[in-house]
Amino acid sequence: MTQIRKYILTLVMFLLAGGIRSLSAQAQGTPTSLPATGGAVQPAPPLKPPPAFYRNLIVLDPAHGGRDNGAQLSNSSVEKDVTLAFAQRLRPALTAQGFTVVTTRDSDPPDELTTDQRAGTANHVRPLACIVIHAAATGSGVHIVSSPLPPVETKTYGRALAWNKAQASVVAMSLRLANEAGLMLEAAHLPVLMLRASVPPVDSLICPAIAIELAPLKQSSSKETLATDPGYQQRVAAAIAEGIASFRTHNAPPPQATQGAGARPGAVQ
Amino acid sequence: MIPRYQRILFWSLVGCILLMGAFMLRGCREAHRRLTALNDVNPIAAPTTAAKEEVALYIASDADATIRSVRSEVALPQDPSLRARTLLEQLLAQYSQPDSAHRLQSGPSVDDVFFVTDTSRANAGKVILVNLRGSFADNHPSGIEVEQLTLASIIGTLHAAFPEFTEVRFLVDGQPRSTLSGHASLDQSYSLADTTIRPPIPSEAATQP
């Protein structure tokens, strides 16, 4: 009888020890036993990484706003109003191309948004492209501005990106986006200048980003169309939307059907 | 008939006026003598003649967003800091001409230029610090293109005149400022390089990844 009790006690102790070991191994994320399928090691399915970007999502940033009026374009118009009006024309043009549009502001807020807040908004939603909108009273036509940062491979750059140099990892894509927008503007017979300049918040964006600056359209030495002109803005908006759609076709083709039903719509990894 | 006391009062007042006038005249002469005594007219340093020399000015054009190098003869002092300041004043004064292709307001633009060596980094960089006047930044036309061209013009001109320096940083009235006039970033250092630019033309070849 004593012998049987000893066996039972030993068995209970063995089972308890095995259970504790199994629980601690599970907490560390390591497999505790080999699966039954022929002894082959099958690692646990990896966690699904967040998508690199959403191919149908665009962020528009009408610059300035609040107490920051931006440039004085004429006696009656300031830059913050023109950028907002242009964003409101660009939005339906992009929607018509199948994009979802997020804007950093839809009205003139009482307090201005800092450029860091705008960059944070854009970086958070992982869009295909970010378009920063400006307007000027000098120059001619449409100025497409890309970051002057030298391209950096993400692998060599390390995991952490410097806030004011985050654009470096995608600057090659930004240049392609600028080129696509420039081509469509030329096709629409609008003068375009491609520039590289450090304009906040473009250098802090982790998505392909360009700044669009609307300048007066000089048709002859005496006649010019101001950036406030609705017809001019509409032509530019239509061309930019086509350029972004072309950029999506070339750089972010639709995800394959084999990605599975679990894939999030519009997400490209 | 004027009463006698009124005549006495009148002449007394005239006398007082004359006395006060004489007192003021004497005070003015004294003050003038004291002030001229403070001006030491003795020369301290030997007078120098700044000979004209040929420099490269990087001139911007708003119409096509280009920067081109133009040779110009400018009288420059020998002191590097004064030399850089004079050079930049000369450059920015060109933009206030009526026929300028990059129109800026006239007036003083550069307060100081400092040459520093940044020893905090492993490879000590030689940095030029340009302190712009607040009036220049406040009255600068606002826009990405126009602001970037002004900065590129300054950077290119400094690089041509001081090729041994590697970076330039900008201050406005001695303080850091985020942008020149709302667009081009000033809160970073720029590499000194040849900024002669001609914007690229969009091409079909550059659309493919």
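All of the numbers you see were taken from the coordinates with simple rules; none came from a lab. Keep in mind that what you see is a predicted model, and the values were worked out from it rather than measured. Neighbour counts are summed over all protein chains in view; Cβ atoms, including those assigned to glycine, are modelled from backbone coordinates with ideal geometry.
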**OP:** Rounded to whole Hz and in sequence order, give me ³J(HN,Hα) for the stretch B:167-179 from the Karplus expression 6.51 cos²θ - 1.76 cosθ + 1.60, θ = phi - 60°, writing x for Gly and Pro.
**Re:** 9, 9, 10, 10, 10, 10, 6, x, 10, x, 9, 5, 9
Original post:
Which residues' amide hydrogens lie under 5 Å from the amide hydrogen of A:ALA209, considering only partners 5 or more residues apart or on another chain, with H built in the peptide plane?
Top reply: A:CYS130, A:SER174
Original post:
How much of the calculated P(r) for the stretch A:127-225 lies past 19 Å, in percent of all Cα pairs?
Top reply: 44 percent
Original post:
Which aspartates and glutamates have a Cα lying under 12 Å from the Cα of A:LYS223, excluding residues fewer than 8 positions away in the same chain?
Top reply: none
Subject >> Calculated from backbone phi, Karplus (6.51, -1.76, 1.60) coupling profile of the stretch A:212-217 in Hz, x at Gly/Pro >> reply: 9, 10, 7, 10, x, 9
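When a footprinting reagent is the concern and you count Cβ atoms within 10 Å, what order do B:MET1, B:MET20 take, fewest first?
On the way: B:MET1 3, B:MET20 10.
If I rank by nearby Cβ atoms, fewest first, I get B:MET1, B:MET20.
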Subject >> Amide H partners (placed H, <5 Å) of B:THR66, local residues excluded >> reply: B:SER61
**OP:** Please build a GNM for chain B, connecting alpha carbons under 10 Å apart, and tell me which residue among B:VAL70, B:VAL127, B:VAL14 fluctuates the most.
**Re:** B:VAL14
Subject >> Inter-part distance where the stretch A:71-146 and the stretch B:106-181 are each reduced to a Cα centre, Å >> reply: 28 Å
Subject >> Rg to Rh, two decimals, where chain B supplies the alpha carbon set and Rh follows Kirkwood >> reply: 1.33
**OP:** Report ³J(HN,Hα) in whole Hz for each residue of the stretch A:103-120, in order, from the Karplus equation J = 6.51 cos²θ - 1.76 cosθ + 1.60 where θ = phi - 60°; Gly and Pro get x.
**Re:** 10, 6, 8, 10, 8, 9, x, x, 10, 6, 7, 6, 5, 5, 5, 5, 5, x
**OP:** Express the relative contact order of chain B as a whole percentage, based on alpha carbon pairs under 8 Å and six or more residues apart in sequence.
**Re:** 18 percent
